[in-house]
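Below is one structure, written out as structure tokens; the observations come after it.
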Amino acid sequence: MNTATSLLTRRNIALIIALIGYLVPWFVEIPGLSEAGHRLLSIFLLAVILWMSEAIPLFATSSMVIFLLVLTLSDASEDLMWGVAEGFTDGEAPAYAMYFATLASPVLILFLGGFFLANGAAKFGLDKNLSAIMLKPFGTKPTRVLLGLMLITGFLSMWMSNTATTATLMAVVLPLIRGLAPEDRLRAGLALGVPFAANIGGMGTPVGSPPNAISIAALGDAGSVTFTQWMLFAIPLTAVMLVLTWLVLVFCFRTKTPAIEFSMEQKWNKSTPAWIYYATAVVTIGMWVTESLHGVNSFIIGLLPVTVLLSTGVINTREFRSMEWDVLWLVAGGIALGRGVAVSGFDDWMVGLIDWQNIPPMFIGGMLAAAALFLSTFISNSAAANLLAPMAVAIATSTDSGPVATVAYVALACSMAMAMPISTPPNAIAYASGAIRTPDMAKAGLIIGFIGIAALYLLLPHLVRFAGY
Amino acid sequence: MKKIAILCIEDEPEVREAVLRDLHPLESHFIIEASGDTADAAAVLAEFANRDVLPGLILCDHRLPGENGVEFLERIHKTEDYRDTRKVLLTGQAGHKDTIQAVNHAGLNHYLAKPWDAADLVETSKDQLTRYVLGREDVDPMDYLEVLDAPKLLEAIAARGGPS
């Protein structure tokens, strides 16, 4: 291979396109868009191309986004060649520290708290023990076992990352799958049930999946959601989707196998660190879900497990270092981009492109959900939320669609994309296990995506109202 | 994705054929090569390095023409490139002393006695390669879920996590 062709890798092409995308708004005047808006558009185009192509890691793009925002859209640009832009919404450029602060956004602290709980669950085998207990009542009939498996996966995924949940449960399911006859369709049913339930379960709580956190943070001054409120509208939807997904899998993958059984034993860790962890987890989750009763917000409680588990040494230095810091950076990039969109007046310009007043509010949500579903089928759910959540907030503040409902459409639809192995890491794990073929995943995943959008469209407005909006 | 290779060093052609036949279940995911002596084995390893192929597992006989198996393993274990390569002796003739030498100085990971059982050889290879995959930062455990020890690989995937 000569040098000329080896430089033309997919990665390099994406980087070049990203650079061109970034430079265009610096040289092309777009009518009606302020100078600050032009600079934001540059960063936005770069982010779109890099988050979609993954030419560099997602978190590296986040870092680049924050850096560029600081250099071109903050008071720091005063000392730089290009100077401060005209046309900020507030009349002046925000302090550069505002963008840095996104790395410690309250919602990221909440997420970090979630990481600590998940980390401890894996360390002390709580996830496996809970699975063993919860699977028992479902007996041995394959359809029932699948339902049990999916409910457990969904439940764990509300608190742990979708990826970790899938990997943990697939380790239980794979030996069973390999014991089934190669032509038995139950193999595909089981192998898809776990990742699908993990994707859907992630919708349930603010800590369940990054798109939820991104959406909550994107709201900014436009509104706020408590932990309990999120659960009030998201859990019913999660439950409905889990059952519907189960029905789709049972219908698509019929089996003649009369009975199956998992070999799972409970091994409860009763050491002192384990007890400290159990107690911390119970108190933290207890306080999260009762936020509306005691009034201490969930972001603050997020630091409770972090502090307790670190200071008691239950989570040690090595484990602390191996937390998924990359996920926090990825989310921070999205939050910073959202701040940039708001301060630069880019949101007003973009919203002004379409006459929203003639579009019914419900239709706006449906459209955003469809866009999110489509985008996150091909790119990371978090990246899709990073790009769409700021748009959703902008649209919501200039229409009657309600900011919370509108970002919820985006966040939840991102979690419903599961038609391809690349759609989410859980799908990738199931695919890599060799137990399913791509067409199986595509068929079931597409049906579930459509059902998901329909469920969002029909249920979310009512659920959000029920949650107090 | 970087390919991982298995290298079998065995001087008797029939025995070599038998080992390769038994390793057939791993062919879908690994490059499998064989050598008749350690000089040729060293050339094969150099070729792997040239093609960016990772030396994952060496299955080595002890009694070979020229340099013996333990001496060879000890020699390559001293170089950084083959420190984490999994090393298995597949032999009937390594004595006490040679074996101790291999464990202490060649980083021997496993000893398989001839005549071997095909299933045992495959299981041992899978186990060693699983450890190799989990020890490497530049190898995605996901790529080997289908063929190696899935529960162990999944545990690592769960610990590594990643955004959805």
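Structure values in brief
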{"read-out": "Estimated distance in nm for a label pair at A:Asn12 and A:Phe100, the labels positioned 7 Å out from Cα along Cα-to-Cβ", "value": "3.7 nm"}
{"read-out": "Segment A:106-323: C-alpha pair distances exceeding 33 Å, %", "value": "20 percent"}
{"read-out": "Residue mean of other protein chain beta carbons inside 10 Å, A:164-170", "value": "6"}
{"read-out": "Packing-based ranking, highest mean first, of A:214-226, B:60-72 given that Cβ atoms within 10 Å are counted", "value": "A:214-226, B:60-72"}
{"read-out": "Coil-residue chymotrypsin sites (Phe, Trp or Tyr not before Pro) of segment A:82-142, DSSP, other Cβ within 10 Å capped at 14", "value": "A:Trp82"}
{"read-out": "For chain B: rounded, prolate or oblate by the Cα gyration tensor [a/c cutoff 1.5]", "value": "prolate"}
{"read-out": "Net +/- balance of residues flanking A:Pro94 in space, Cβ distance below 9 Å, scoring K and R +1, D and E -1", "value": "-2"}
{"read-out": "Residues losing 40 Å² or more accessible surface upon assembly, segment A:319-335, compared with the chain by itself, 1.4 Å", "value": "A:Glu324"}
{"read-out": "Protein heavy-atom accessible area occluded, B/A pair - total, 1.4 Å probe, Å²", "value": "1500 Å²"}
{"read-out": "Extension gain (nm, one decimal) between B:Leu20 and B:Asp81, 0.36 nm per residue minus Cα-Cα", "value": "19.5 nm"}
{"read-out": "Convex hull of Cα atoms in segment A:80-171, direction-averaged projection (nm²)", "value": "10.2 nm²"}
{"read-out": "Whole-number Å³ per residue for the convex hull built on Cα positions in the protein assembly as shown", "value": "187 Å³"}
{"read-out": "HN-Hα J in Hz across segment B:54-71 - Karplus 6.51, -1.76, 1.60, θ = phi - 60°, x for Gly and Pro", "value": "7, x, x, 8, 10, 9, 10, 6, 8, 7, 9, x, x, 4, 7, x, 5, 4"}
{"read-out": "Residue-wise HN-Hα coupling along segment A:422-427, computed from phi with Karplus coefficients 6.51, -1.76, 1.60 (Hz; x: Gly, Pro)", "value": "7, 4, 8, x, x, 4"}
{"read-out": "Interchain or long-range residues, amide H under 5 Å from B:Ile9's placed H", "value": "B:Ser35, B:Leu59, B:Cys60, B:Asp61"}
{"read-out": "Carbon and sulfur %, accessible surface of chain A computed with the full protein complex present, 1.4 Å", "value": "68 percent"}
{"read-out": "Principal-axis tilt of helix A:106-123 within chain A, Cα atoms, nearest 10 degrees", "value": "20 degrees"}
{"read-out": "Calculated [θ] (222 nm, deg cm²/dmol) that DSSP helices of n ≥ 4 give over chain A, each run adding -39,500 (n - 2.57)", "value": "-22500 deg cm²/dmol"}
{"read-out": "Percentage relative contact order, segment B:4-160, counting C-alpha pairs under 8 Å, at least six apart", "value": "20 percent"}
{"read-out": "Carbon and sulfur %, accessible surface of segment B:4-160 computed with the full protein complex present, 1.4 Å", "value": "48 percent"}
{"read-out": "Degrees between helix A:186-201 axis and first principal axis of chain A (Cα, 0 to 90, nearest 10)", "value": "40 degrees"}
{"read-out": "Sparsely packed GluC sites (Glu not before Pro) within segment A:2-93, loop by DSSP, other Cβ within 10 Å at most 15", "value": "A:Glu29, A:Glu86, A:Glu92"}
{"read-out": "Loop GluC sites (Glu not before Pro), segment A:224-307, which have at most 14 other Cβ atoms in a 10 Å radius of their Cβ (DSSP)", "value": "A:Glu261, A:Glu265"}
{"read-out": "Helix A:58-73 axis, angle to chain A major axis (alpha carbon atoms, nearest 10°)", "value": "20 degrees"}
{"read-out": "Under 5 Å, built H, 5+ apart or other chain: amide partners of B:Ile32", "value": "B:Ile6"}
{"read-out": "About the Cα centre, charge dipole magnitude for segment A:106-323 (Lys/Arg +1, Asp/Glu -1 at Cβ), debye", "value": "660 debye"}
{"read-out": "Environment charge at A:Ala55 (Cβ cut-off 10 Å; Lys +1, Arg +1, Asp -1, Glu -1)", "value": "+1"}
{"read-out": "Per residue accessible area in Å² of the protein assembly as shown, where ligands, DNA and RNA are left out and the probe is 1.4 Å", "value": "42 Å²"}
{"read-out": "Spin-label model distance (nm) - A:Leu247 vs A:Met264, 7 Å beyond Cα toward Cβ", "value": "2.5 nm"}
{"read-out": "Choice from B:Glu123, B:Glu80, B:Glu12 showing the highest fluctuation, given a GNM over chain B with Cα pairs closer than 10 Å", "value": "B:Glu80"}
{"read-out": "Residue-by-residue Karplus 3J(HN,Hα) for segment A:389-404, coefficients 6.51, -1.76, 1.60, Hz, glycine and proline x", "value": "4, x, 4, 4, 5, 4, 5, 5, 6, 10, 10, 9, 7, x, x, 5"}
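The values are calculated or read from the model by the stated rules, or taken from the named source; none is laboratory data. This one's a predicted model, so the numbers in the text were calculated from it and none came from an experiment. Heads up, the Cβs are rebuilt from the backbone with ideal geometry, glycines too, and the neighbour counts pull from every protein chain shown. When the accessible area is computed, the model is the full protein with side chains, heavy atoms only, and any ligands, DNA or RNA have been set aside. Shrake-Rupley method; radii C 1.70, N 1.55, O 1.52, S 1.80 Å.
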